[in-house]
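> Sharing a structure, written as structure tokens. Questions coming.
The numbers here are math on the coordinates, done by the rules we state, and not lab data. Bear in mind that the values here come from a model prediction, so they are computed numbers and not experimental data. Every residue, glycine as well, gets a Cβ built from its backbone with ideal geometry; the counts of neighbours run over all protein chains shown.
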Amino acid sequence: MKAFLSFLALALAIGLGLPSTAASQVVEATVTADGNGLSRDEAIQSALVNAAGQAFGVRLSSQSMVQGMSVDASVDNENHSAVLSILNKNIRQILNTPQNAPILGYDVNNVSEAPDNGWEATVTLHYAKFERLGADSNRRSVVVVSNSKQYRPLLIQMVGESLVGSRRFDVLNRENDALFQDEKEFILGGDAANAEMARLSQASGADYLVVAQLQSLGVSNNQRETIAMTGEVLVKSAASGALQLQVIEFASRKIKWSGSQKFGGTYPGATSVGAATLGKLIGGAADRLIERMVAAIYPIQVVKVVGDTAIINRGEGGVLTGETYAVFQVGEELTDPQSGESLGSMETEVGLGTVTEVKPKFAFLKMASGTLAAGTDYIVRKTDKKPAGKAAPKKARTGPAKPKAPDRADVFLGN
């Protein structure tokens, strides 16, 4: 199975035109360090302590580690499993990673007596290094949580999907603990390579909690009405409510943003509102809320001006072809004289544009009015305004007036 996965990773790398190392998050790295001691063993142990400290960016207690290794292990270049065990134990304690054993081995490059009657040693430490896939990003990490007892998994799923679609946040998963535990047990088992241990204890914490709640949720299933004239029974179901989101900074517990969005729908012929239908309603409300949230926290910006076209930093899932946006020039930042808090920047509307092409991460906005200058800061907001000359002419009414609908009480029984 492991051979198959390795082959699959290599095949994907080749198919994407990437080197095979790009498909793997765990690599073997080395670091070389020197050490000194009163004896040969102490010099090698000191060099190992220095190498481990460099590899993991921590300050290790050389004295305590050397004493521990002196009791439990004799250092040599042939059989050093006990030394590795002690090094990993100390690394686990300092990094608070109880299941991670990242040090794989070491080589003694040189050991000799020093002129001052001590010993000097140079070692190369081999360790497993975890590398995140893709380039580093400045995205904030969020986790979706909810106290709702009803439809909680569906609520977290739909809001999470909307956040992922915004391409503005790293969304963390907290809902599949059993699946993650199964993978952890595989890595800890005998079938996985030792280097795979570097994957453990790498879970990210959240910058923000996105708290999702359903308010005034009402579901009316199997509503029946009888037509008086024919006796036919009509069935329908309906659902309505509101989705509320709060963005809370984890460290300070400050509420950074809050909003709510109503949703609802009526379904003729349906005897009940299923989970899929309710999910679409919640998902639509989540999309609109996340769009408002992102616009408030990360307004759309013009990244490049090419003639009468602006390239904006939103792509698929963020904007649609044919949408109209107002473009504002960003001016002086205003500050509240009492609190010292930023009130935002002054904005001057310079024109309207229409999205003509959408790429995965950016889009083209062709200006219908106004002129943009390269090197100027602009932000973009969706608008209901229409460029001049685009309004459709009103059609004159011809023919007889539409007959008035009969009163509901005359059509249905039981009203």
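> What ranking do 173-180, 84-91 get when scored by the average of other Cβ atoms within 10 Å per residue, highest first?
Values: 173-180: 11.0, 84-91: 19.6.
In descending order of packing, they fall as 84-91, 173-180.
> Could you tell me which of the pairs LYS254/LYS280; LYS361/LYS382; LYS236/LYS280 are separated by over 20 angstrom between their Cα atoms in the structure shown?
Working: LYS254/LYS280 30 Å; LYS361/LYS382 17 Å; LYS236/LYS280 18 Å.
In this structure, LYS254/LYS280 exceed 20 Å between Cα atoms.
> At a 10 Å Cβ-Cβ cut-off, how would you order PHE169, PHE186, PHE364, fewest neighbours first?
Taking fewest neighbouring Cβ atoms as first place, the list is PHE186, PHE364, PHE169.
> Another one. Report the gain in length on full extension from GLN150 to SER220: 0.36 nm times residue separation, minus Cα-Cα distance, nm rounded to one decimal.
Once the chain is fully extended between GLN150 and SER220, it gains 23.6 nm.
> Another question about this same structure. Separation between the GLN54 and GLN213 pseudo-spin-labels, each 7 Å from Cα along Cα→Cβ, expressed in nm?
5.5 nm
> Suppose the chain between ILE227 and THR271 were pulled fully straight at 0.36 nm per residue; how much longer would it get relative to their current alpha carbon spacing?
14.1 nm
> Please state, to two decimals, what the Cα-based radius of gyration of the range 300-382 comes to when divided by 2.2 N^0.38 Å (N = residues).
The reported ratio for this selection is 1.18.
> Separate question: Under 16 Å from the Cα of LYS385, which aspartates and glutamates turn up, not counting those fewer than eight places away in the same chain?
Result set, ordered by chain and number: GLU323, GLU349.
> Along the Cα→Cβ direction, 7 angstrom out, place labels at ALA82 and LEU343. What is the inter-label distance in nm?
7.3 nm
> Could you tell me how many cubic angstrom of Cα convex hull volume the range 140-294 has per residue? Each step should come with its number before you reach the end.
Working: hull volume 22.5 nm³, N = 155.
So the per-residue Cα hull volume is 145 Å³.
> What per residue convex hull volume, in Å³, comes out for the range 254-354 when only alpha-carbon positions are used? Don't skip to the end; give the middle numbers.
Values: hull volume 17.1 nm³, N = 101.
Output value, Cα hull per residue: 170 Å³.
> Continuing with the same structure: Multiplying the sequence separation of ALA296 and ASP34 by 0.36 nm and subtracting their Cα-Cα distance, what value in nm do you get?
Between ALA296 and ASP34, full extension yields an extra 89.0 nm.
> Shifting gears a bit: Hey, got the dipole for the range 201-327? About the Cα centre, +1 on K and R Cβ, -1 on D and E Cβ, debye to the nearest 20?
Roughly 320 debye for the range 201-327.
> How would you rank TYR106, TYR378, TYR267, going from fewest to most other Cβ atoms within 10 Å of each one's own Cβ?
TYR267, TYR378, TYR106
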